[in-house]
Amino acid sequence: MKILLVEDDLPTAAVLCEVLTAQYYTVELATDGQDGLALATSSNFDLILLDLLIPKLDGISLCRQLRIQGVQKPILLLTAKDQSADVVKGLDAGADDYLTKPYKLSELLARMRALLRRGQTELAPTVLMWENLCINPVSAEVTYKGQLISLTPKEYSLLGLFLRNPQRVFSRSDIIDRLWSMDAIPSEGTVTNLIKDLRHKLKAQGMSAEVLETVYGLGYRLKTPPKTEETKGVLFGEQDEQTHRLAQTGKRKRQTNLASVNKVIERYKDTFAQRVTLLEQVEQALRLGKLQIELRYHASNEAHKLAGTLGSFGYEMGSKLARAIEHFLMGDKPLAPTQAPQLSRLLSELKGTLSKPPTPPTIEQFEPTQIPLVLVIDDESLSNQLKTEAMSWGVRIEVASNWAIALAVISQSPQAVLLNLNGQDPIEKGLTLLQKLKEQLPTTPILVIGEQDNLTHRVAVSRLGVQRFLHKPVSTAEIFEAIRVCDRRSRAVSVACPQDIGIAPPMPNGTLGLSGLASSLSAKRTLRERLIAQVLPKSQASEAKVMILDDDPIALELLSNLLQPWGLRVKTLQDPQQFWEVLTTTTPDLLVIDLEMPTYSGVDLCRVVRQDPKWGNLPILVVTAHTDLESIQQVFAAGADDFIGKPVVGPELVTRVISRIDRSRLQQELKILKRRIGT
């Protein structure tokens, strides 16, 4: 992609040009506003980086002129001015975003990628695919069947140009305009050789199909990829080597950026002290009472440039001192000789800072900005809707239509994964893909969208560790809310301790005796029930609905007879296979499930309930004869609120059920109250 950089400060421009070139961008530099206007209106750029304070035509005026003349490409303002009024003026003039100097280069690159995506007329996938050929623009990685391909910057840019515009024919002059800057325009024969070299490298990697086709008399375009069984095989093929290599790509790219910046620092390290000379002239003129307005204005601009540049060169304190000098010189009020000592102190500190070696940049400064990433495995229009709304939900969406693309995104450690099961036909294929996702991302929340709403599918995905099952039709808001809830719960579980789930801590020797466990649980129950009795008002659980599931008809009758005298409406079920149908038609206030049942266990059904957003907060009590540590941990991990040991004690069961229903209703009332008062 082609970037126009309008920046008059040569050290800053040099840093940006080095970094952007290392990222395979083609960069055109303009050092004043008039040149920037001429270039922007005569050439085709994908994005404009615009400094706010530039000579001849300032950044705000240039931005306004570009919009008046119909240039609608994204504009990112780069400014050392930290006053909000300047930022507002720039955005009102037509800029799309801004970044205050000094800034992290990783943040600059991330904002550029966001604007480039937003500037496209259609939502294109971040990972570009053609058959088994894959380009990851974020890491600048090109692979074929998982194997890395080494391309030159121009070869990489040429391939990306065609993959982003699959239907377009590019003439040689079009390619030159996109890939070369104005001061390095080659002949059309250079383009022909570039295409020939790219074809040769792809064939050498094992590609039998031609990627680019010649349209005689017009130019070149991307061919339609062949439909082969080989392409489908990538979906479940082994990609361990590719995953490892892709994981290393970001690190290598950051090392390249670091080396580029170090080269520029070495080139300009001795120039900053020289640039302070003008500021010293101002200090001397002020001391003698001879400071002219023109000299003061130039010095203020010089301090402004230093403030924006020094931070990027390892002089963070120098940047702050330069900004303090800029603020000292700004304004319309005359400066008195008595103020010279203040300027002298600032200059002395600045020169002292610049006399020391700069703080060397580190690879951590080039770490990508951590915007939560969600991998969506789908090939339907829903993906585009999610990408459109992702920014407003504070997440970044990457869409994968097959396993090869998914692996490229997995290497970026997504915070959540959304899998459309209906995009995988038959369902067994989707379950296989889900299993592979869990192997690659064992602790990452996974959500699935299904069209068939039946218990068999719900249990199948729950056994594979899915956190949420969303049933179509589902809105994008419901999807993002489910992602948010899963991510929050995932973080909570990662810091949970045994006491959080009612389990006593281990004995000093590392063991946990059953008697100690029972005693701890009993004490916690007694304390909890006393607190509930003190805090909650008189129980409102009468007329509440309780659903009981147990494959033993005798146990069902016993539990039902214990609860009904308390005014509870009880629905019993003996066959676990009918669970979901009965649950959705009964809409109970509380669920009592036996742990051990044929076909689907109590753990299976707990997970199924917790996967569904509608039933995520339904109180669940598990009845079990197993009170060993492993069984209890399994019960709580599946999402149960509490457990009751067999044989069931009547008063204990009634107390647990009523307390849980009252607590659930109180929580709902508190939520409603918070919404009403706006908290």
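The values are calculated or read from the model by the stated rules, or taken from the named source; none is laboratory data. Since the model is a prediction, treat every value here as computed from it, not as a measurement. Ideal geometry is used to build each Cβ from the backbone, glycine not excepted, and the neighbour counts take in all protein chains shown.
A compact table of results
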{"item": "Long-range neighbours under 8 Å by Cβ, at least six apart or interchain, first residue at negative phi within segment 649-665, second acidic (Asp, Glu) and not in a helix (DSSP H, G or I)", "result": "Arg656/Asp642; Arg660/Asp641; Arg660/Asp642; Ile661/Asp589; Ser664/Asp589; Arg665/Asp589"}
{"item": "Qualifying position, being crowded, with 18+ Cβ neighbours inside 10 Å, over 42 Å from the mean Cα position of the chain (by Cα) and at pLDDT 85 or above, among Leu321, Leu279, Leu295", "result": "Leu279"}
{"item": "All positions within segment 8-39 that are of a type in the set (Val, Ile, Thr) and within 24 Å of Ala110 (Cβ to Cβ)", "result": "Thr12, Val15, Val19, Thr21, Thr26, Val27"}
{"item": "Residues (under 20 Å from Trp393 (Cα atoms) and among the aliphatic types (A, V, I, L, M)) located in segment 461-476", "result": "Leu470, Val474"}
{"item": "One residue from Val376, Val395 being at pLDDT below 85, surrounded by 18 or more Cβ atoms within 10 Å (Cβ to Cβ) and in contact with a strand residue (DSSP E or B) (Cβ under 7 Å, 6 or more places away or on another chain)", "result": "Val395"}
{"item": "Leu20 vs. criteria surrounded by 19 or more Cβ atoms within 10 Å (Cβ to Cβ) and touching a residue at least 24 places away in the same chain (Cβ under 8 Å)", "result": "no"}
{"item": "Unmet requirement for Thr526, which otherwise passes all of (1) modelled with pLDDT of 85 or more; (2) closer than 19 Å to Ile632 by Cβ", "result": "(1)"}
{"item": "Leading residue by the ranking (nearest to the chain's Cα centre (by Cα)) among those in segment 406-456 that are among the hydroxyl-bearing types (Ser, Thr, Tyr) and within 21 Å of Ile483 (Cβ to Cβ)", "result": "Ser413"}
{"item": "Any hit, segment 620-642, residues being of a type in the set (Ser, Thr, Tyr) and part of a loop (DSSP other than H, G, I, E, B)", "result": "yes"}
{"item": "In segment 194-206, the residues that are surrounded by 12 or more Cβ atoms within 10 Å (Cβ to Cβ) and in a helix (DSSP H, G or I)", "result": "Leu194, Ile195, Asp197, Leu198, Arg199, Lys201, Leu202, Lys203"}
{"item": "Selection count where residues are touching a Cys at 6+ places or on another chain (Cβ under 6 Å) and farther than 27 Å from Ser601 by Cα, scope segment 454-488", "result": "0"}
{"item": "Answer residue from segment 165-211, given it is basic (Lys, Arg) and closer than 22 Å to Thr41 by Cα and is modelled with the lowest pLDDT among those", "result": "Arg178"}
{"item": "Residue satisfying all of: in segment 593-643; surrounded by fewer than 22 Cβ atoms within 10 Å (Cβ to Cβ) and acidic (Asp, Glu); nearest to the chain's Cα centre (by Cα) among these", "result": "Asp612"}
{"item": "Enumeration of residues in segment 140-185 that are among the basic types (Lys, Arg), part of a helix (DSSP H, G or I) and more than 25 Å from the chain's Cα centre (by Cα)", "result": "Lys154, Arg172, Arg178"}
{"item": "Positions within segment 269-298 being under 17 Å from Leu350 (Cα atoms) and assigned to a helix (DSSP H, G or I), in sequence order", "result": "Phe272, Ala273, Gln274, Arg275, Thr277, Leu278, Leu279, Glu280, Gln281, Val282, Glu283, Gln284"}
{"item": "The one condition in (1) closer than 15 Å to Val87 by Cα; (2) surrounded by 18 or more Cβ atoms within 10 Å (Cβ to Cβ) that Leu29 fails to fulfil", "result": "(1)"}
{"item": "Those residues of segment 429-480 which are free of Cβ contacts under 8 Å to residues at least 60 places away in the same chain, surrounded by 15 or more Cβ atoms within 10 Å (Cβ to Cβ) and of a type in the set (Gly, Ala, Ser), in sequence order", "result": "Gly430, Gly450, Ala460, Gly465"}
{"item": "Checklist (1) at pLDDT 85 or above; (2) β-branched (Val, Ile, Thr); (3) outside any loop (DSSP other than H, G, I, E, B) applied to Thr599, failing item", "result": "(3)"}
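For every residue, the table says whether it meets (1) in a helix (DSSP H, G or I); (2) closer than 28 Å to Arg267 by Cα; (3) touching a Phe, Trp or Tyr at 6+ places or on another chain (Cβ under 9 Å).
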residue	(1), (2), (3)
Ser300	yes, yes, yes
Met317	yes, yes, no
Ala324	yes, yes, no
His327	yes, no, no
Pro334	no, no, no
Leu347	yes, yes, no
